[in-house]
Amino acid sequence: MKIIIGSKNPAKITAVKNSFSHEDEFVSLDIPSGVSEQPFSDEETIRGAINRAATALKQGNGDIGIGLEGGVQETSYGLLICNWGALVSIGREPIIAGGARLPLPEEIAIRLRAGEELGPVMEDYAKKENVRKQEGAVGIFTNGMVNRSEMFTHVMNLLVGQYQRSK
């Protein structure tokens, strides 16, 4: 099976490969989400994941397109990180799944509400580069107990499980 990943982010690529057979062929393409750089709701984050998956499938001429998108969701408990994934295959409706959520510190939330994007804010906060390509905000705020790749692997397992069940 040829799986087209709508991202060049190493954490997302690892997550996809963790959830499929090693015999599958993987192609990663730099696919824009078609939503804000910082998705600010579940709805927008889901839409970004579906857009990435559908465009990846079309551009990569594969069997399955995968889109993984991180965002934030405002709640009465504060601003939470959220992550969503979409699996698109020819002739079928997109399959979606979401994953872990946890509140961001208010000092981070204030900057995001002011229009900044989580990735650069986390680099500043953690005083390190490429946080989004490594442990992610989830890794920083769980003290390394869960990293971004593991978080997206959980989402991928939810997607692949639904796909296999619906075949």
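The values are calculated or read from the model by the stated rules, or taken from the named source; none is laboratory data. In this text, all values refer to a predicted model and were calculated from it rather than measured experimentally. Please note: Cβ atoms are built from the backbone with ideal geometry, for glycine as well, and neighbour counts cover all protein chains shown. We work out accessible area using only protein heavy atoms, side chains counted, and drop any ligands, DNA or RNA first. Shrake-Rupley method; radii C 1.70, N 1.55, O 1.52, S 1.80 Å.
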> How far apart, in nm, are two points set 7 Å out from the Cα along the Cα-to-Cβ line at Asn130 and at Phe20?
Replying inline: 2.3
> Nearest 20 debye, what's the magnitude of the dipole of the stretch 1-110 about its Cα centre given +1 on Lys and Arg Cβ and -1 on Asp and Glu Cβ?
Replying inline: 340
> So what are the radius of gyration and Dmax for the Cα set of the stretch 71-117, in Å?
Replying inline: 14.3, 45
> So, by mean Cβ neighbours within 10 angstrom, what's the order for 60-72, 132-144 with the highest one leading?
Replying inline: 60-72, 132-144
>> Viscosity 1.002 mPa s, temperature 20 °C: what is the translational diffusion coefficient of the stretch 13-99 from Stokes-Einstein with a Kirkwood Rh over Cα pairs, rounded to a whole number of µm²/s?
In response: 160
> Solvent-accessible area per residue for the stretch 1-126 at a 1.4 Å probe radius, Å²?
Replying inline: 46
>> Positive end of the dipole of the chain, charges at C-beta (+1 Lys, Arg; -1 Asp, Glu), about the Cα centre: which of Ile66, Phe20, Ser7 has its Cα farthest in that direction?
In response: Phe20
>> For the chain, compute the orientation-averaged projected area of the C-alpha convex hull (one quarter of its surface), in nm².
In response: 9.3
>> Under 19 Å from a point placed 7 Å out from the Cα of Ser166 along the Cα-to-Cβ direction: which residues of the stretch 48-76 have their backbone N that close?
In response: 48-58, 62-69
